[in-house]
Amino acid sequence: MGADTISKRDQILDIAERGYRQGGFAGLSFRDIAAALDMKSASVHYHFPHKEDLGKAVVERYTENLLDSLGAPDSADDTVRDRLVRLVEAYRAAFAEGESSCLCAVLGSVSPQLPPAVQAAVNSYFTRLMTWTETALAGAEPATNLNASHIISALQGAMILSVAMGDARYLDEVAEDLAEKSHA
């Protein structure tokens, strides 16, 4: 594969991710992607034979990018607060990118309608994010009442509310609440 092939593949993934985040999995076709890139639909199929292949690749890339941006959940150089700040900043960055929800929040909300490989990739995203968060919280004072599922649920919900209301304030409020709790 040459650089041009890799470049086209990444462009396809970028367009698909934006499309899924804005209109869901069913709202984006190979024709839409091809038109956005001024190419033939067959060229998209060359890289991803089936829509399920594309959806799985988009979610897997999204998962790896998020986890890479969060860094190690158990670095001795970080406090629990440092780790939570990174997690919150990842959500803020995802919202700021086109004021859209987390890819996996969008896809997770319709998981039963997704092809099996995409369902599995979304499940893996949340499983890995929960594991990262649980590990990041290790060593937190019991009085903080920090719980991985509550943190992820609060951030996901605040992001959806911020998108729906067109106001990042809701995400910011949850971020401030988490920061306060991480000091307790």
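Just from its helices, what would the mean residue ellipticity at 222 nm be for the chain, if runs of 4 or more DSSP H residues each count -39500 (n - 2.57) and the sum is divided by every residue, rounded to the nearest 500 deg cm²/dmol?
Details: 9 runs with 133 residues, N = 184.
Computed ellipticity for the chain at 222 nm equals -23500 deg cm²/dmol.
For the chain, what's the relative contact order in percent, using C-alpha pairs closer than 8 Å and at least 6 residues apart?
22
List, in order, the whole-Hz ³J(HN,Hα) value for each residue of the stretch 112-127 obtained from phi through the Karplus relation with A = 6.51, B = -1.76, C = 1.60 and θ = phi - 60°; use x for Gly and Pro.
Working through the residues one at a time gives x, 8, 7, x, x, 5, 6, 4, 5, 5, 5, 4, 4, 4, 5, 4 Hz.
State the answer as a single residue: which of ALA36, VAL85, SER149 lies farthest towards the positive end of the charge dipole of the chain, with beta carbon charges of +1 for Lys and Arg and -1 for Asp and Glu, about the Cα centre.
About the Cα centre, the residue reaching furthest to the positive side is ALA36.
For the residue pair GLN22 and THR79, what label-to-label distance in nm results when each label sits 7 Å from Cα along the Cα-to-beta-carbon direction?
4.1
Let me check against my output: what whole-number percent is the relative contact order of the stretch 81-149, with C-alpha pairs under 8 Å and at least 6 apart?
Details: 28 pairs, mean separation 14.8, N = 69.
Relative contact order for the stretch 81-149 comes out at 21 percent.
Using the alpha-carbon atoms, what tilt in degrees (0 to 90, nearest 10) does helix 148-165 show relative to the longest principal axis of the chain?
That helix lies at roughly 60 degrees to the long axis.
Say the dipole of the stretch 61-152 comes from +1 at the beta carbon of Lys and Arg and -1 at that of Asp and Glu; which of ALA138, VAL106, LEU67 then lies farthest toward its positive end?
The residue sitting farthest along the positive end of the dipole is VAL106.
If I model a spin label as a point 7 Å beyond the Cα along the Cα-Cβ vector, how far apart are those points for ALA72 and SER111 in nm?
3.0
Equivalent-ellipsoid semi-axes (√(5λ), Cα gyration tensor) for the chain, whole Å, largest first?
Working from the Cα gyration tensor, I get semi-axes of 33, 17, 14 Å.
First measure r as the distance between the Cβ atoms of ARG86 and ASP53, then evaluate 1/(1 + (r/R0)^6) with R0 = 45 Å and state the FRET efficiency to the nearest 0.05.
Plugging the Cβ-Cβ distance into 1/(1 + (r/R0)^6) gives 0.90.
Report in % the part of the accessible area of the chain that belongs to carbon and sulfur, leaving out ligands and nucleic acids; probe 1.4 Å.
The computed percentage sits at 52.
For the residue pair LEU161 and ASN147, what label-to-label distance in nm results when each label sits 7 Å from Cα along the Cα-to-beta-carbon direction?
1.8
Evaluate the charge dipole of the chain about its Cα centre and quote only its size in Debye, nearest 20, assuming +1 on the Cβ of each Lys and Arg and -1 on the Cβ of each Asp and Glu.
680
Each residue of the stretch 170-179 in turn: what ³J(HN,Hα) in whole Hz from Karplus with 6.51, -1.76, 1.60 and θ = phi - 60°, glycine and Pro shown as x?
For the stretch 170-179, the Karplus curve yields 5, 5, 5, 5, 5, 4, 5, 4, 5, 4 Hz.
Working only with C-alpha atoms, what are the Rg and Dmax values of the stretch 101-184, expressed in angstrom?
14.4, 43
The values are calculated or read from the model by the stated rules, or taken from the named source; none is laboratory data. On a predicted model such as this, the values are computed, not experimentally measured, just so you know. Note that we place each Cβ from the backbone using ideal geometry, even for glycine, and neighbour counts take in every protein chain shown. Just so you know, the surface numbers come from the protein's heavy atoms only, side chains and all, with ligands and any DNA or RNA stripped out. Shrake-Rupley method; radii C 1.70, N 1.55, O 1.52, S 1.80 Å.
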